[in-house]
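Since the structure comes first, as structure tokens, the remarks are kept for the end.
The values are calculated or read from the model by the stated rules, or taken from the named source; none is laboratory data. Note that the structure is predicted; figures quoted are calculated from it, not measured. Counting neighbours? That spans all protein chains shown, and the Cβs are built from the backbone with ideal geometry, glycine included. Protein only, heavy atoms only, side chains kept; ligands, DNA and RNA dropped before computing areas. Shrake-Rupley method; radii C 1.70, N 1.55, O 1.52, S 1.80 Å.
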Amino acid sequence: MSERVGGLGPRARLAALAVVLLVAVLSAGGYVWRARQDIIAVQATATGAPTRNDLAVVRDVPHLVFRNTALGADYGRVAMVPLSAPAGPRAVTDVACERVYATREEAICLSADRGLLTTYRAQLLGTDWSVRRDLPLVGTPSRARLSRNGSLVATTTFVFGDSYANPGQFSTRTVVSRTDGEVIGDLEQFQLVVNGAVVTAVDKNLWGVTFADDDRFYATAAAGGKTWLVEGSLAARRMTALREDAECPSLSPDRTRIAFKKHGNLPPGRWRLAVYDLATGSETLLAETRSVDDQVEWLDDTTIIYALPRSGTGTATSDIWSSLTDGRGGPELLVSDAWSPAVVR
């Protein structure tokens, strides 16, 4: 005789469990659907930011490319403003991205298709913002960069976890490809050297690439609860640590300095912006004291820009700020309702 618990046989218990699981899945799906509909309703009724209809004109002058976060019909789309008038009306494209980066000739767009199961993709876009080709992408988009001549692209995704707050409690994948589609490699497979020793730790992670040329790059490496600024060679498939406690590097236009975020003695999940001189090894803390979890962009050789979520609004919007790299002055608002900036000259 089969064992019975609570008056139910094995088949009945399995059927009951299946019903419970089905109800849980439907409830979760219903919550996601309702939340998505609430967002759509808010965006549909919001007025958005002032726009302009001369996209080609803006593109032909030095400009700033970014993800539009003004609530409204254009939320999430890529937008542009002239560098001469960053606070003015923006030209909005038809392309929606979670993270975007651009050069004069092309752009990399990490996008999301949200539903019960959200999927992501990486696409290389041309000057008309049409898709040139799909690129490898596994996980949740985090960082994206193109080399200055547009020949190389790097993407970083979270394969596990969704925050850089605690090294060792997330897993990233950073892939470097040529923009013609050839995959150069996953940086986790490159040799990592710290203080003369090869790091083989199972929790090794790499993220936040910035290119110096067609071979040399800088990135963040992490293992054993520590992070390092590393310099790497694509040809040698090797990276060497330059200093500890440095994340999401960004190389200056004159290639002499690296802007980055550092923990210092701050609590987990908080960072301070700093600039590292490659020749002297000196570090300059910037006047921005708010925690910035972003890979900054250089506006010019004296100023960096970065995105910060707007606190206290209850909505998923953000703004782009600027700070001088010599540590003087204070942060200044550059573009409201914007995220993921890229300077194109």
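Using only alpha carbon pairs under 8 Å that are at least six residues apart, calculate the relative contact order of the stretch 283-322 and give it in whole percent.
28
Quote the FRET efficiency, to the nearest 0.05, computed for R104 versus A73 with a Förster distance R0 of 35 Å and r equal to the Cβ-Cβ distance.
Given R0 = 35 Å and the Cβ-Cβ separation, E is 0.80.
Applying a 10 Å radius around every beta-carbon, put 190-202, 319-331 in order of their mean neighbour count, most first.
Highest mean packing first, the order is 319-331, 190-202.
Of the heavy-atom accessible surface of the stretch 255-345 (probe 1.4 angstrom), what whole percent is carbon and sulfur?
Of the solvent-accessible surface of the stretch 255-345, carbon and sulfur hold 50 percent.
Distance between the C-alpha centers of the stretch 202-280 and the stretch 301-345? Whole Å please.
Spelled out, the Cα-based centre of one part sits 21 Å from the other.
So if each residue of separation counts as 0.36 nm, and I subtract the Cα-Cα distance between S171 and T284, what length gain in nm does that give?
37.7 nm
In Å², what does the accessible area per residue of the stretch 281-345 work out to with a 1.4 Å probe?
Result: 41 Å² per residue.
Pop the C-beta distance of V131 and T302 into the FRET formula with R0 = 30 Å and round what comes out to the nearest 0.05.
That pair, V131 with T302, gives E of 0.25.
How many nm is it between the label spots at R328 and R237, if each spot is 7 Å from the Cα in line with the beta carbon?
Each label point lies 7 Å from its Cα, and together they span 4.8 nm.
Express in nm, to one decimal, how much length is gained between Q191 and D203 on full extension, taking 0.36 nm for each residue of separation and deducting their alpha carbon distance.
2.9 nm
D254 to L117: FRET efficiency via 1/(1 + (r/R0)^6), r the Cβ-Cβ distance, R0 45 Å, to the nearest 0.05?
Here the calculated transfer efficiency is 0.50.
Just order 93-100, 230-237 by mean Cβ neighbour count inside 10 Å, highest at the front, would you?
Going from most to least packed, we get 93-100, 230-237.
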